[in-house]
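Beneath this line is the structure, given in structure tokens, with notes to follow.
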Amino acid sequence: ESLRMARSLDYKEGITNALWVMGWIHSTRLDGSAAPFYEEGMELANAIDYAFGAAHIYAFYGMYKVALGEYEAAKPLLLTGIGWANRLGGDTSLIGRCKGYLGQAEMLEGNFTQARTYLDESLAIQINANRNGTAESLWLQGRLALREGNHARALHCFKESLELYRRYATSLWVTRGLAYLVITYSASGQNA
């Protein structure tokens, strides 16, 4: 309805915002249905030089591409999202998430050194500024440590992440964190 109303008013910023939110909503399907929303939104945000909309569209489209396993396509989107976010004065939440997803893409491609750089930057940006972003960054740090075989560090990161997420006891993040704790304990041969 928001998208329809913004189009009827030719409210370009509103159209752009509705498009990135629609892309985000469709992103959970992982079937490509989010792409048209993001692509139309990027074109419009660039045409009207709308930094807020562009930062979100590029960032969320990049995150979506990581979820699809399209890591090389994700990287320029995430980097462009960071550029637009810097034009907004440095949105730490958005920049931190972009760096985290860049780190995740590098990690999943086996580029652990580059992944560590991005993940360290993500954590440094978000720590003490964004509780959920810090928890997500720590979780990603744990995933990298697990892939590197550093079980002690992985356990530490997953536990710290869970501590930050604990007020959302029924959330996907807590479930995901607990699952990774079990995986790490199993991989290390330790008992919880």
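The values are calculated or read from the model by the stated rules, or taken from the named source; none is laboratory data. Source: prediction; values computed, not measured. Using ideal geometry, Cβ is built from the backbone for each residue, glycine included, and neighbour counts are taken over all protein chains shown. Note: accessible area is taken over every heavy atom of the protein model, side chains too, but ligands, DNA and RNA are not part of it. Shrake-Rupley method; radii C 1.70, N 1.55, O 1.52, S 1.80 Å.
Annotations for the structure displayed:
- If you sort 113, 175, 16 by accessible surface, 1.4 Å probe, largest first, the order is 113, 175, 16.
- Cα gyration tensor shape for the chain, rounded if a/c is under 1.5, else prolate or oblate: prolate
- ³J(HN,Hα), Karplus 6.51/-1.76/1.60, whole Hz, each residue of the range 135-142, x for Gly, Pro: 4, 5, 4, 5, 4, 5, 4, x
- 222 nm mean residue ellipticity, helices alone, for the chain (DSSP H n ≥ 4; -39,500 (n - 2.57); rounded to 500): -26500 deg cm²/dmol
- Ranking 182, 174 from most to least accessible surface, computed with a 1.4 Å probe over the protein chains only, gives 182, 174.
- Highest mean packing comes first when the peptides 99-108, 20-29, 72-81, 5-14 are listed by Cβ atoms within 10 Å, giving 99-108, 72-81, 20-29, 5-14.
- Solvent-accessible surface (1.4 angstrom probe) belonging to residue 136, in square angstrom, nearest 10: 30 Å²
- 3J(HN,Hα) along the range 22-30, derived from phi through the Karplus expression 6.51 cos²θ - 1.76 cosθ + 1.60 where θ = phi - 60°, amounts to 5, x, 4, 4, 6, 4, 5, 6, 6 Hz, with x in place of Gly and Pro.
- Taking all protein chains into account, the per residue accessible area for the range 113-192 stands at 54 Å² (1.4 Å probe).
- Within the assembled protein chains, the solvent-accessible surface assigned to residue 185 is about 40 Å², based on a 1.4 Å probe.
- Prolate/oblate/rounded call for the range 105-162, Cα gyration tensor, a/c under 1.5 rounded: oblate
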